[in-house]
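Please treat every number below as a calculation from the coordinates, not as lab data. Computed from a predicted model, the values in this text were never measured in an experiment. So basically every Cβ, Gly included, is an ideal-geometry build from the backbone, and we count neighbours across all protein chains shown.
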Amino acid sequence: MSKKLDINDIRKMFLDFFKSREHAILESASLVTSDEKGVTDSTLFNTAGVQPLIPYLLGETHPDGKKLASSQKCIRTIDIDEVGDNTHLTFFEMLGNWSLGDYFKEESIQWSYEFLTDGNTGLNLDPKRIYVTVFAGNSESPKDLDAYNEWRKYLPDNHIFFLADNWWEAGENGPCGPDTEIFYDLTPEGLNLNGVESFLEADNKSEVVEIWNNVFMQFRKENGFVVGKLDKSSVDTGAGLERLSVVVNQLKNVYEINHFKNMIDYLKLQTSQNLNGVSEDEQEKKYRIISDHVRAAAFLISDGVKPANTDRGYILRRLIRRSINIAQQLKIDAGVLSNLIDFVAEEYASIYKNIKSDFIKEIFNQEEINFRKTLEKGLKELNKVVVSNNFISGEIAFNLFTTYGFPIELVNEIALENKLLVDEDGYKKLMQQHQDKSRTASAGKFKGGLEKLGEEEIKYHTATHLLQQALQQVLGKNVMQKGSNINNERLRFDFSYPEKLTEDQKNEVENIVNRIIEENLPVNKVELPKEEAIKSGAIHLFDQKYPDTVSVYFVGNSIEDAFSKEFCGGPHVKNTGELGKFTIKKEEASSAGVRRIKAVLD
């Protein structure tokens, strides 16, 4: 039976555990990334515990020594649409310990297991519910029998599984190596897994949940290939604090953690009893989203971010305004949401000294005031319709959204209160036309995976050029397109790569694309002899026949210093600034040796 511990207890126990094992305890870096050393200049926020330490894992000497531990504040909004389910959060803390050329697999695995299972200095979790995965090996790197044999000291063979995905690397050049992932059985009666297939099935059903990942950097890559061992091997581990709290306290989801429960209970007290048929499940999800977004906004503001229309400020503004929209759907009064910041300060101010409730609330409240003014203008227009009509057309709903940012959910709420009908089908149709602007060509489909030639499709087609170049920068020049499919809602891009991308790799690709979009670079076309185009370095398909003269589209002011250049017949946007914000929604296997990315533009 595990202990009942809140997140502050678990954080302290983790840091004390590794301090007693001669680790220097680091303060969390700011959520806002630093441009120092040129490592994180392409990212907006720290998204993983290891991110501030990358220069030292790449060989620099850390001033605090070779053994380090911390609890790092992190922000990820790539899964913002999933927030409110049982596991996803935008703000979270990542516990981590690192060895920079000091201890390796034996101590790393031993200490992870001890902290999870020890009843005195650890979390007292049930060893019978722990399962682990280790690297299965491939043509370049051997099966990780060292990690396997270490785990056999603590777990039976039927709790250890070999998987090909247990591999980490920083890109086509640099350190790389196998990892071992630790999972915990959440089922009431306990599983009796027999073989890797049963484990994968349990993972897909969330019957087991990953709670810790230990990366062993022992090899190095050059030009995308493993060429040998590192002079000094290192260890990078990570464990999500909130996820550990769920497991330790035998909870069903992250929103049952005391901190969130207190925020949600407060919101329920502020909610009108008459919500026009909104189900309890819908209400619960809305409370969760608001609590998550306000907590994340509080931490962003405390680290110096202010609401804006670009970059970090845009992320903050989106979180605040999304929470306000949802609060209005729950009929929560203006000014109430900022009171949740007091809950954040009560939980975290003793740990993070810059959590100043009054300062954070001042910025939050001003953003709410500004946004509600915009919504009020839309409400006045809508009320004119209510007075003079018994029907809200799709055109009116569409104009309210495009002119005032008035969400369709609020239109529906007001319509129900006044016993009006809303033409949602008409609204959706106009939104679709707005996205398409239907410039579909009269003859067939365009090569390059486009389903139509509408405005949105052209944007997504241009984005695939940026995506492919970013993938080559992060994963290596061996990455080649294996297919694509584009419609007015998303792009799907298949590419050659043998392994699952890490979260850091996906974030780096996403940030490179968004940086090029923000630079508002021109997209140009030039006609060149095929051989000259190939010599220029333009990306092309080696197994495809091209005419003697080809069209090359390049992103930049000249083909010599272009960010990307590619054989292509078009069409494309005039400059990258037209694309909007690029977000990878999913990365998965397409076939053997081929990965697939699905991405959207907001």
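Observations
- Given charges at beta-carbon only (K, R positive; D, E negative), |dipole| of the chain in Debye: 1080
- Relative contact order (%) - criterion: Cα under 8 Å, at least six apart; region: the range 7-248: 20
- With K and R counted +1 and D and E -1, the other residues having a Cβ less than 13 Å from that of residue 188 yield a net charge of -2.
- Estimated 222 nm signal from helices in the chain, with DSSP H stretches of n ≥ 4 weighted -39500 (n - 2.57), rounded to 500: -12000 deg cm²/dmol
- Largest to smallest principal axis extent of the C-alpha atoms in the chain, angstrom: 76, 72, 46
- Sorting the segments 194-202, 316-324 by their residues' average number of neighbouring beta-carbon atoms within 10 angstrom, most packed first, yields 316-324, 194-202.
- The chain: relative contact order in percent, alpha carbon pairs under 8 Å with at least 6 residues between: 10
- Here the range 303-335 and the range 156-232 have alpha carbon centers that stand 37 Å from each other.
- About the Cα centre, charge dipole magnitude for the range 257-374 (Lys/Arg +1, Asp/Glu -1 at Cβ), debye: 380
- For residue 211, the residues 5 or more places off, or on other chains, whose built amide H falls under 5 Å of its own are 182, 183, 184.
- Residues 148, 255, ranked from the fewest to the most other C-beta atoms within 10 Å, line up as 148, 255.
- Hits among lysines - C-alpha to C-alpha of residue 565 under 20 Å, sequence gap 8 or more where chains match: 447, 459, 477, 482, 525, 530, 535, 545, 574
- Proximity of backbone amide H atoms, modeled 1.01 Å from N, is registered between residue 594 and 497 at under 5 Å, excluding neighbours fewer than 5 places apart on the same chain.
- Shape analysis of the range 457-602 yields a ratio of the Cα radius of gyration to the Kirkwood radius, Rg/Rh, of 0.94.
- Which of 344, 209, 594 has the fewest Cβ neighbours within 10 Å, and the rest in rising order: 594, 209, 344
- Selection among 216, 26, 10 by position relative to the dipole of the range 7-248 gives 26 as farthest towards the positive end (Cβ unit charges, Cα centre).
- Taking every lysine pair in the range 290-404 that is 8 or more places apart or spans two chains, those with Cα atoms closer than 20 Å amount to 10.
- Only one residue of 577, 507, 537 has its Cα farthest out toward the positive end of the dipole of the range 455-601, where Lys and Arg carry +1 and Asp and Glu -1 on Cβ, and that residue is 507.
- Between amide H atoms placed 1.01 Å from N, distances below 5 Å from residue 24 occur with 67, 68, 69, all of them 5 or more places distant or on a separate chain.
- Karplus-derived 3J(HN,Hα), 6.51/-1.76/1.60, for each residue of the range 504-513, Hz, glycine and proline x: 5, 5, 4, 4, 5, 4, 4, 5, 4, 4
- Neighbour counting of Cβ atoms within 10 Å sorts the residues 384, 361, fewest neighbours leading, into 384, 361.
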